[in-house]
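For reference, the structure discussed in these notes is given below.
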Amino acid sequence: MEFKHTTVLLQEMIHYILTDFNGVYVDCTLGGGGHSFALSKRLSEEGLLIGIDQDEEAIQAAEERLRGARCKHIAIQSNFSHIDEVLDSLQINMVNGFIFDLGVSSYQLDESERGFSYMNDGKLDMRMDRRQSLSAYEVINTYEEKDLEKIINDYGEERWASRIASFICSKRVNHPIETTNDLVQVIKAAIPAGARRTGPHPAKRTFQAIRIEVNNELEILQSTIEKSINHLKPGGRLGIISFQSLEDRIVKNVFKEMEKDCICPPDIPICVCNHRQLVRRVGKAIRPSAEEIKNNPRARSAVLRVVEKV
């Protein structure tokens with residue numbers, strides 16, 4: 001299956017991130033190379049584009065897409081939480097811009113064997129990086145009920161988390177829950193019929209929660225943003241596209257903290273906190289246009305936030 005993905009907020013990201021045609025840019029979620037390809041067309045021969053992704057198939061697809069690009073480019077299979085190590089291995093300390101697109105690619109959703117989608121039947125997997133051992137199968141079939149409930153509640157914001165966790169544990173007593181369709185049927189049985197008639201697909205929130213747990217997505221996000229800001233040159237920019245409220249809340253709060261200057265109480269005449277502003281916001285949060293959502297319904301929940309290093 002060809003690695004296909006419709007990149008969300010493509011022109012908006014490039015417009016805000018690109019500040020130096022000769023600069024160094026890091027696409028921390030390379031995917032199929034959509035943002036990187038658009039950026040490569042704007043960079044000079046002196047420019048350098050570094051792409052990072054956990055997914056080996058995404059790396060291969062992006063390398064093929066960037067073949068013949070005018071700028072220099074490197075693709076590295078790694079988790080973006082290892083940004084310090086990646087840049088250190090390339091003997092690069094400061095860069096001009098970072099791109100983060102936190103969405104799951106269309107390819108990963110549509111390829112049933114990856115086990116991300118509640119719409120396609122396949123083995124429970126959900127690993128962005130297939131080299132890791134923990135998959136959705138282990139989460140669903142080995143986690144204790146209280147832990148499953150917490151994950152589904154915290155990461156999925158699912159009101160029926162307790163019932164879903166209980167039904168999962170009851171179902172797996174006799175036989176492991178092996179496929180995405182098996183899990184969907186358990187979730188549907190757990191959620192009362194009246195609650196299933198409105199809103200999104202009944203399995204959407206639980207699948208999101210399990211995916212986040214498998215890939216440790218929220219735990220690493222804040223620290224990765226902070227590391228990336230440390231590697232930004234003054235005037236360099238960092239842009240993040242998030243697709244769900246938990247991620248966007250983390251992004252917004254981290255940016256807000258980094259915007260603060262002195263945080264001493266107002267009655268202290270001399271600053272003793274040594275806290276200094278690191279970034280400033282660039283514009284307001286950006287959302288897809290109605291036309292983009294019409295052409296790509298998966299873009300509807302996307303939010304782009306950009307900050308600049310001061």
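Things to note:
- Mean separation of Cα contacts under 8 Å (6+ apart) over length of the chain, as relative contact order %: 17
- Relative contact order (%) - region 73-127, alpha-carbon pairs under 8 angstrom, separation at least six: 16
- 5 Å binning of all Cα-Cα separations within region 170-310, expressed as whole percents from 0 upward: 2, 8, 13, 14, 14, 13, 11, 8, 7, 6, 4, 2, 1, 0
- With R₀ fixed at 25 Å, the C-beta to C-beta distance from Asn295 to Thr198 puts the FRET efficiency at about 0.45.
- Taking the inverse of the mean 1/r over every pair of distinct Cα atoms in region 1-91 gives a Kirkwood hydrodynamic radius of 13.2 Å.
- At most 15 other Cβ within 10 Å, DSSP loop - trypsin sites (Lys or Arg not before Pro), region 264-298: Arg276, Lys284
- Most mobile listed residue (Asn274, Asn96, Asn22) in the chain, GNM with C-alpha springs under 10 Å: Asn274
- Percentage relative contact order, region 218-310, counting C-alpha pairs under 8 Å, at least six apart: 39
- Met128, Met13, Met119, Met94, ranked by accessible area, largest first (probe 1.4 Å): Met119, Met94, Met128, Met13
- Taking only the C-alpha atoms of region 147-236, the Rg (one decimal) and the largest Cα-Cα distance, Dmax (whole number), read 17.2, 59 Å.
- Just so you know, the Cα atoms of the chain work out to an Rg and Dmax of 20.8, 68 Å.
- Among beta bridges that DSSP assigns inside the chain, antiparallel share in %, nearest 5: 35
- Neighbour-limited loop hits for GluC sites (Glu not before Pro), region 103-181 (at most 11 other Cβ within 10 Å; DSSP other than H, G, I, E, B): Glu144
- Carbon + sulfur, % of accessible area of the chain - ligands and nucleic acids excluded, 1.4 Å: 47
- Convex hull volume per residue in cubic angstrom - Cα atoms of region 101-184: 103
- Where labels lie 7 Å past Cα in the beta-carbon direction, separation of Arg172 and Cys273 in nm: 4.4
- Estimated FRET transfer efficiency (Lys150, Arg287; beta-carbon r; R0 30 Å; 0.05): 0.45
- Loop-located trypsin sites (Lys or Arg not before Pro) in region 129-191 (DSSP state not H, G, I, E or B) with no more than 10 neighbouring Cβ atoms inside 10 Å: Arg131.
- Note on surface exposure: Arg249, Arg237, Arg287 rank Arg287, Arg249, Arg237 by accessible area, highest first, 1.4 Å probe.
- Hull-based mean projected area of region 113-161, where the convex hull spans the alpha carbons, in square nanometres: 3.9
The values are calculated or read from the model by the stated rules, or taken from the named source; none is laboratory data. Remember, it's a predicted structure, so these values are computed and weren't measured experimentally. Counting neighbours? That spans all protein chains shown, and the Cβs are built from the backbone with ideal geometry, glycine included. Side chains included, ligands, DNA and RNA excluded: accessible areas come from the protein's heavy atoms. Shrake-Rupley method; radii C 1.70, N 1.55, O 1.52, S 1.80 Å.
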